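What follows draws every value from the coordinates through simple rules; no lab data is involved. Here the structure is a predicted model, which means the values were calculated and not measured. Positions of Cβ are backbone-derived with ideal geometry, glycine not excepted, and every protein chain shown enters the neighbour counts.
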């Protein structure tokens, strides 16, 4: 499973506080319908932004557990949730988690399954951990459908194709719903949550991610260093002309055990 280092954790911390992703978190929270006193698990909790909201929803009489593979991610989560007595954080894989069967009323998982080698094992683990009628909410992205205005669309496609190859399960939303049904989940629902930046802002999600896209493509030798610099320079020229545009769809999968 992918391990986020300190630099990557800091990028997530910034990009996941942008308005677009705040909206995504609120949609996820609404899908879980948490009540005071309930138990919730955030599998792949990252820097703890969603977990904090979940903990506040279940209150001090509830229980909010967070599991993440990256210690650098958990460092942010510990700082964020340190004052919430109902929160417990631990390092581990979402494929095998140290909880009893039927331990949780609700479970969330955001942008984690794309990195998991045995996705079916992780989803079966989610099913095991939920109580009967327990609620599930999963967020994943189909990066093959990403749109960005650029001066070189061929180069842009190379960069986004490389981004897809950097993970174990690219384009997961296309096949996730039937897999959930086969495992036994019901009341399956899929909602699109567009991440749309129709103009440029330093505080937008895409602005935080552009350098990461180019760096990943370079590391995979999909593009040269010169091509990486030329692509970023081209995006900057479009920004100056007020011709910036970025959009990708994230998908919220909700289900009941």
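Out of the range 232-257, which residues are buried (at least 18 other Cβ atoms within 10 Å of the Cβ) and part of a helix (DSSP H, G or I)? Let's see the steps before the verdict.
First, the residues of the range 232-257 that are buried (at least 18 other Cβ atoms within 10 Å of the Cβ): 235, 244, 246, 248, 250-255, 257.
Hit for the range 232-257 is 235, nothing else.
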> Quick check: is even one residue across the range 64-78 more than 25 Å from residue 191 (Cβ to Cβ), part of a helix (DSSP H, G or I), in contact with a helix residue (DSSP H, G or I) (Cβ under 8 Å, 6 or more places away or on another chain) and free of Cβ contacts under 8 Å to residues at least 60 places away in the same chain?
Replying inline: yes
>> Filter the range 17-34 down to the residues that are touching a residue at least 40 places away in the same chain (Cβ under 8 Å) and farther than 13 Å from residue 137 by Cβ and list them by number.
In response: 18, 19, 20, 21, 23
>> Please count how many residues of the range 41-63 are in contact with a strand residue (DSSP E or B) (Cβ under 8 Å, 6 or more places away or on another chain), part of a loop (DSSP other than H, G, I, E, B) and more than 22 Å from residue 123 (Cα to Cα).
In response: 1
> So residue 98 fits all but one of (1) in contact (Cβ under 8 Å) with a residue 12 or more places away in the chain; (2) farther than 30 Å from residue 247 by Cβ; (3) out of contact with any helix residue (DSSP H, G or I) (no Cβ under 7 Å at 6 or more places or on another chain); what number is the exception?
Replying inline: (1)
>> Anything in the range 139-179 that is within 17 Å of residue 214 (Cβ to Cβ), assigned to a helix (DSSP H, G or I) and in contact (Cβ under 8 Å) with a residue 24 or more places away in the chain? List them, or say none.
In response: 143, 155, 156, 158, 159, 160, 161, 162, 163, 165
> If you scan the range 230-255, which residues turn out to be without any contact (Cβ under 8 Å) to a residue 24 or more places away in the chain and touching a helix residue (DSSP H, G or I) at 6+ places or on another chain (Cβ under 8 Å)?
Replying inline: 232
>> Can you report the number of residues in the range 91-138 which are in a strand (DSSP E or B) and within 19 Å of residue 54 (Cα to Cα)?
In response: 16
